[in-house]
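Participant: Sending over a structure as C-alpha cells; questions will come in a sec.
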Amino acid sequence: MKTTVNGIDTYYEIHGKLGAPWLAFSHSLACSVRMWDAQIEAFKDRFRILAYDTRGHGKSAAPAGPYTLEAMADDLRALVSHLDIQRLHFVGLSMGGMIGQTFAIKYPGVFSSLALADTTSRYPAEAAPLWQERIRTAETKGMEPLVQPTLERWFTAPFREKNADTVRKIATAISTTPVAGYAGCCAAIPRINVTARLKEIKCPVLVICGEQDPGTPPAMAREIHENTPGSKLVLIPQAAHLSNLEQPAAFNRALEGFLPKS
C-alpha cells in the first residue's frame, strides 16, 4: 500500500493478526521491507505487523536530499498517525535503529518497546569523510561500485559463499536503491549523536549486534546498552551487519525473549 505522509509518498505493508499489538520493522540503508520477510513470517501470528520503506528506498519516493534522522522519524510518526496506531513495538536495524532512537527521544510514549539491531548512537568525527566518499561514489558512478564492498561488510565470508540467493537479493536491493535516497540517508546517518539522551527512553530496550559486524561493531552496541538504563544486550555469533538475515533463528530468538508473550 502507498500513502503520502510528511510530504513523502510512502510504501508500507500490514501483516499479521487483527487486534494484536502493533510491531513495526525499519530497514537498513540500501534495503527495503523485504529484508524483514523472515521476521514477518515468525511474528505475524502474535502481532499486527507494519513494515515500511524509508524515504529514498524501495517503493517509497526518493526526494532530493540531504535528509535528516529527525525528518525520517517524522515520516514514521506521520505514518503511524495515518494508520491510527497509538502504541507499537519497534525493531530497527542499522539506519532503522537510528530512526528508532531519534523517534523514541522525540516522541516519548509511543513505543511500547524498542529493539535496536546493528546500529549506533553516535559516530566519531573521523567517520564523516567515509560517508562523504560513499555519497560521491553514488552521485558520480551510480550504485554498482558500492555493491561488493557493502556485501563484504554486511555478511561474513562463509555466509556469502554458502548463501548465494540471499546475497544476490541484497545485492539487487543495493544496486536498485535510488542515488538520491542513498545519498540523502548517507548525509543523515553520520550525524547521529544521541548517546547522552538515551537515558530519556523509558520503554524496554533490546540491543542486538552481530559479533562480526565491522560497520557498527559490538563496542557501539555496548555503548548503547551502557547508556540506556535497564536495556538488554544480545550478541549474535557468526553474524556481521545484517544479523537478521545471516542468523535469523538467533535474531528471532532474541526478539522472542524480549517481546511480550501476548
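The values are calculated or read from the model by the stated rules, or taken from the named source; none is laboratory data. Model, not experiment: these values are computed from the prediction. Ideal geometry is used to build each Cβ from the backbone, glycine not excepted, and the neighbour counts take in all protein chains shown. Accessible surface areas use protein heavy atoms only, side chains included; no ligands, DNA or RNA. Shrake-Rupley method; radii C 1.70, N 1.55, O 1.52, S 1.80 Å.
Participant: Scan the range 222-235 and tell me whether some residue there is within 30 Å of Lys59 (Cα to Cα), touching a residue at least 60 places away in the same chain (Cβ under 8 Å), open to solvent by less than 60 Å² (accessible area, probe 1.4 Å) and not hydroxyl-bearing (Ser, Thr, Tyr).
Facilitator: There is no residue in the range 222-235 that is within 30 Å of Lys59 (Cα to Cα), touching a residue at least 60 places away in the same chain (Cβ under 8 Å), open to solvent by less than 60 Å² (accessible area, probe 1.4 Å) and not hydroxyl-bearing (Ser, Thr, Tyr).
Participant: Quick one: which of Gly65, Gly100 is in a helix (DSSP H, G or I) and either in contact with a strand residue (DSSP E or B) (Cβ under 6 Å, 6 or more places away or on another chain) or surrounded by fewer than 24 Cβ atoms within 10 Å (Cβ to Cβ) (or both)?
Facilitator: Being in a helix (DSSP H, G or I) and either in contact with a strand residue (DSSP E or B) (Cβ under 6 Å, 6 or more places away or on another chain) or surrounded by fewer than 24 Cβ atoms within 10 Å (Cβ to Cβ) (or both) holds for just one of Gly65, Gly100, which is Gly100.
Participant: For residues in the range 123-151 being hydrophobic (A, V, I, L, M, F, W, C) and open to solvent by 50 Å² or more (accessible area, probe 1.4 Å), which is nearest to Gly215 (Cα to Cα)? I'd like the intermediate steps shown before the answer.
Facilitator: Going through the range 123-151, the residues hydrophobic (A, V, I, L, M, F, W, C) turn out to be 125, 127-128, 130-131, 135, 138, 143, 146-147, 151.
Narrowing further to those that are open to solvent by 50 Å² or more (accessible area, probe 1.4 Å): 125, 130.
Values: Ala125: 15, Leu130: 11 Å.
Step by step, filter the range 123-151, then rank; the result is Leu130.
Participant: So which residues in the range 17-42 are buried (at least 18 other Cβ atoms within 10 Å of the Cβ), without any contact (Cβ under 8 Å) to a residue 40 or more places away in the chain and more than 14 Å from the chain's Cα centre (by Cα), if there are any at all?
Facilitator: Ile40 - this is the single residue of the range 17-42 that is buried (at least 18 other Cβ atoms within 10 Å of the Cβ), without any contact (Cβ under 8 Å) to a residue 40 or more places away in the chain and more than 14 Å from the chain's Cα centre (by Cα).
Participant: Which of the residues that make up the range 68-85 are assigned to a loop (DSSP other than H, G, I, E, B) and either polar (S, T, N, Q) or within 20 Å of Ile170 (Cα to Cα) (or both)? Steps first, please.
Facilitator: If we filter the range 68-85 for residues that are assigned to a loop (DSSP other than H, G, I, E, B), which is where we start, we get 68, 83-85.
Result: Thr68, single match.
Participant: Kindly establish whether Ile14 is touching a residue at least 12 places away in the same chain (Cβ under 8 Å), closer than 18 Å to Gly184 by Cβ and out of contact with any Phe, Trp or Tyr (no Cβ under 9 Å at 6 or more places or on another chain).
Facilitator: When the stated conditions are applied, Ile14 does not pass them.
Participant: Same structure, new question: Residues of the range 240-256 being of a type outside the set (A, V, I, L, M) and crowded, with 17+ Cβ neighbours inside 10 Å, which ones?
Facilitator: Scanning the range 240-256 gives His241, Ser243, Asn244, Glu246, Gln247, Pro248, Phe251.
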